[in-house]
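Everything on this sheet refers to the single structure shown next.
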């Protein structure tokens, strides 16, 4: 049966619902406005998000809060060095029929069978286990003993990682980072926000939340994003930015040639365009604009660029490189910097794709 036209939300309806979501999140989270918008844009685009920041900045609380407001099944997986792939995806067990006594293999689904998965500290588990999660993210199903098991829909993975520790961690390789639509850094709060956080957390329990969007509504909104038009100017601008990051290409910028070993691929342009459509919809507009493209450049590209030895030695992050590319493509302009994570060793900065953080403020509860 085809979906009735009434089930497809209008632009105004989507914008109003996401204003409600932002208000619900702000009842628990202090600040983080830009981080919240990036996260919602990523979810609305059907993508997966990587939240990068030091411990204690409310990354986990933010994800659990969003899951409550979206009325989706939520699972948290704490990644540790001894975590095995079957601990995530599930495994075959021998089950015995109580009536007949016959034994047979039965598949027990793992915690990945949910709508929102929090992969907490994803860089603390070995590559074999990371790959089990990342394959499911890409394919949308889990394979066990030759049988495919489809994952629930919608399916979002929100992963966190600590960018300042190297000992006992397994950094995600570039090919696996590329499966995350966005990499959103989370910075320390301002003094005023930190005061609000402390006052709020010592005076009472966290605010009670009610689900604002059902699963069916979320599926309808995802379909609405896909049908939102992307003008040719938007497509070409996204391509222009992505192609400008490839150091060996004829359209490479000076910053890319000087500081990058590898640039972004076509998947990055696709992510920018999809995200631009979602951002336009959230803001109550019928179609994406070039400004939407540039709003998505940093969260989509910062983990897809590979700095060369010159950038790593000079502690030049991918956000620094993207700022230079921005200036070269659009001309000199004031580039807003809303706080930065503490500078760490040049190797770590190059490895984790930059520390340019957006949107200070965090936890409350």
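Just a few scattered comments:
- Helical content alone sets the calculated 222 nm signal of the chain at -13000 deg cm²/dmol, taking -39,500 (n - 2.57) per DSSP H segment of four or more residues and averaging over every residue.
- Listed peptides 214-227, 306-319, 28-41, 248-261 by packing density, highest first (mean Cβ within 10 Å): 28-41, 306-319, 248-261, 214-227
- For the pair residue 192 and residue 107, a Förster radius of 51 Å applied to the C-beta separation gives a FRET efficiency near 0.50, rounded to the nearest 0.05.
- Placing dummy labels 7 Å off each Cα toward the beta-carbon, the span from residue 22 to residue 291 is 1.3 nm.
- Global size of the chain: 21.2, 77 Å for Rg and Dmax (C-alpha atoms, Rg to one decimal, Dmax whole).
- In the range 7-103, the alpha-carbon atoms span a convex hull of 192 Å³ per residue.
- Pair residue 78, residue 175: separation of 7 Å Cα→Cβ label points (nm): 3.2 nm
- Ranked by the mean number of other Cβ atoms within 10 Å per residue, highest first, peptides 117-128, 187-198 order as 117-128, 187-198.
- Crossing angle, helix 191-202 versus the chain [Cα axis fit, 0-90 degrees, rounded to tens]: 20 degrees
- A simple spin-label model places pseudo-atoms 7 Å from Cα toward Cβ; at residue 211 and residue 145 they are separated by 3.3 nm.
- Cα shape, the range 152-283, gyration tensor, a/c 1.5 rule: oblate
- Convex hull projection area averaged over all views, the range 214-299, Cα basis, nm²: 6.3 nm²
- Helix 290-301 vs. the chain, principal-axis angle (Cα, 0 to 90°, nearest 10): 70 degrees
- Full-extension gain in nm, residue 94 to residue 128, via 0.36 nm per residue minus C-alpha separation: 9.8 nm
- Cα-based helix-to-principal-axis angle, 59-69 vs the chain, degrees rounded to 10: 60 degrees
- Antiparallel bridge percentage (DSSP; both residues within the range 20-174; nearest 5): 45 percent
Values quoted throughout were computed directly from the atomic coordinates according to the rules given, and no laboratory measurement underlies them. In this text, all values refer to a predicted model and were calculated from it rather than measured experimentally. When we count neighbours, we look across all protein chains shown, and the Cβ atoms used for this are built from the backbone with ideal geometry, even at glycine.
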